[in-house]
Amino acid sequence: MSLSKGHIREGRTHVTQGPLQGKEALIRKIDRHKRLARLEVPAGKGHLQMYGGLQAPSDKLRSSYSVMGK
């Protein structure tokens, strides 16, 4: 699976491109340092845990970078 790209705004994940686009509701946890998203996919009577690559900086990080660049 290739790396998806997106951002985190107001605590919500928005995937803008890649295989995870449109599947934000399945994302349970994001590790931004490792660029991994843990997904929980319904499978039969239970759930299947999967991982996908996701590059998603938060808006807090973006705003601090823009201030530092001035």
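I'd like to verify a number: residues in the stretch 31-44 that are at positive phi and either open to solvent by less than 40 Å² (accessible area, probe 1.4 Å) or aromatic (Phe, Trp, Tyr) (or both), how many?
Final tally of qualifying residues: 0.
Please enumerate the residues belonging to the stretch 1-30 that are closer than 13 Å to residue 58 by Cβ and either in a loop (DSSP other than H, G, I, E, B) or open to solvent by less than 90 Å² (accessible area, probe 1.4 Å) (or both).
Listed by number, the residues that qualify are 6, 7, 8, 10, 11, 13, 14, 30.
The values are calculated or read from the model by the stated rules, or taken from the named source; none is laboratory data. Worth saying up front: this structure is predicted, and the values here are computed from it rather than measured. Please note: Cβ atoms are built from the backbone with ideal geometry, for glycine as well, and neighbour counts cover all protein chains shown. Accessible surface areas use protein heavy atoms only, side chains included; no ligands, DNA or RNA. Shrake-Rupley method; radii C 1.70, N 1.55, O 1.52, S 1.80 Å.
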